[in-house]
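What follows is a single structure, written as structure tokens, with notes after it.
The values are calculated or read from the model by the stated rules, or taken from the named source; none is laboratory data. Keep in mind that this is a model prediction, so the values were computed, not measured. So basically every Cβ, Gly included, is an ideal-geometry build from the backbone, and we count neighbours across all protein chains shown. Note: accessible area is taken over every heavy atom of the protein model, side chains too, but ligands, DNA and RNA are not part of it. Shrake-Rupley method; radii C 1.70, N 1.55, O 1.52, S 1.80 Å.
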Amino acid sequence: MTDRERDRRIKDVGTLKAIAHPLRAQLYRLLILTRVATASQLADQVDEAPSLVSYHLRKLAEHGLIEEAEPRSGDGRERWWQPASEGVSIRDEDFRDAPEKAAAHTAASRLFFDQHVDMYRRYLDGRAHWSDEWTSAADSSEWLLRLTPAELAELSKEMYEVVRRYEESGRAAVAAGDTEGRENVAVHTYGFPFRV
């Protein structure tokens, strides 16, 4: 695949529902990390039957979220998959014009948040198995700010740019063979208004 989109912006409810299925969201996340995999390889990671994983991969492909990749082995029976873009973005503004679209967006956002919380809980439960170097580097912070919508948008944009810079340098290092000491790292941020 060449000239992949940076982030595919999801604007329709059908595609949103396709990725907002718990197993599909997990499979998509794994493909973003592994870049290329078969249904059998992914099935091992999610502890599901390859046939079920294959079904869900085809559903993601129907919506253009993933696509077939060049085979990585001589076994012609294996289908290899890869993300169709570097990631996805889902924006509230694309789903607020109808109640059913807003409800689908809220349900998807809740699913993704629950999966983020689950990832962090698994880290906390297994923290004793990580080195002091990793546990010292890990972060959990909360800042309570007084901002305008424009300032929050600018803060989000700047944070996104910083994370993208680290994502690109990490991928370049791995491509160059620099894998020593590297692990998958999740960075979740939330910026939202609230009242007390």
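Computed values, structure above
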| item | result |
| --- | --- |
| Candidates Ser169, Ser131, Ser141, filtered to the one that is closer than 19 Å to Tyr190 by Cβ, open to solvent by less than 70 Å² (accessible area, probe 1.4 Å) and either touching a Phe, Trp or Tyr at 6+ places or on another chain (Cβ under 7 Å) or polar (S, T, N, Q) (or both) | Ser141 |
| Residue pairs meeting the criteria (Cβ under 7 Å; at least 6 apart or on separate chains; first modelled with pLDDT under 95, in the stretch 42-71; second open to solvent by less than 90 Å² (accessible area, probe 1.4 Å) and not hydroxyl-bearing (Ser, Thr, Tyr)) | Glu70/Trp80; Pro71/Glu78; Pro71/Trp80 |
| Residue check, Glu78 open to solvent by 50 Å² or more (accessible area, probe 1.4 Å), at pLDDT 95 or above, out of contact with any Gly (no Cβ under 6 Å at 6 or more places or on another chain) and of a type in the set (D, E, K, R) | no |
| Selection status of Ser89, open to solvent by less than 50 Å² (accessible area, probe 1.4 Å), closer than 28 Å to Arg164 by Cα and hydroxyl-bearing (Ser, Thr, Tyr) | yes |
| Filtered residues of the stretch 10-24 (kept if in contact with a strand residue (DSSP E or B) (Cβ under 6 Å, 6 or more places away or on another chain) and either in a helix (DSSP H, G or I) or open to solvent by 70 Å² or more (accessible area, probe 1.4 Å) (or both)) | Leu16 |
| Tally of residues being more than 19 Å from the chain's Cα centre (by Cα) and either closer than 30 Å to Ser156 by Cα or among the charged types (D, E, K, R) (or both) across the stretch 48-91 | 7 |
| Residue in the stretch 135-165 that is nearest to Ser89 (Cα to Cα), counting only those that are among the hydroxyl-bearing types (Ser, Thr, Tyr) and touching a residue at least 12 places away in the same chain (Cβ under 8 Å) | Ser156 |
| Among (1) more than 21 Å from Asp114 (Cα to Cα); (2) touching a Ser or Thr at 6+ places or on another chain (Cβ under 9 Å); (3) open to solvent by less than 40 Å² (accessible area, probe 1.4 Å) - the single one Arg72 does not satisfy | (3) |
| Hey, Tyr28 over 26 Å from Glu168 (Cα atoms) and among the aromatic types (Phe, Trp, Tyr) or not | no |
| Within the stretch 116-128, tally of residues that are surrounded by 10 or more Cβ atoms within 10 Å (Cβ to Cβ) and farther than 22 Å from Ala25 by Cβ | 1 |
| Out of Leu33, Leu42, Leu27, sole residue that is within 18 Å of Asn184 (Cβ to Cβ) and open to solvent by 80 Å² or more (accessible area, probe 1.4 Å) | Leu33 |
| Top-ranked residue in the stretch 45-69 [being in a loop (DSSP other than H, G, I, E, B) and out of contact with any helix residue (DSSP H, G or I) (no Cβ under 9 Å at 6 or more places or on another chain); ranked as surrounded by the most Cβ atoms within 10 Å (Cβ to Cβ)] | Ala69 |
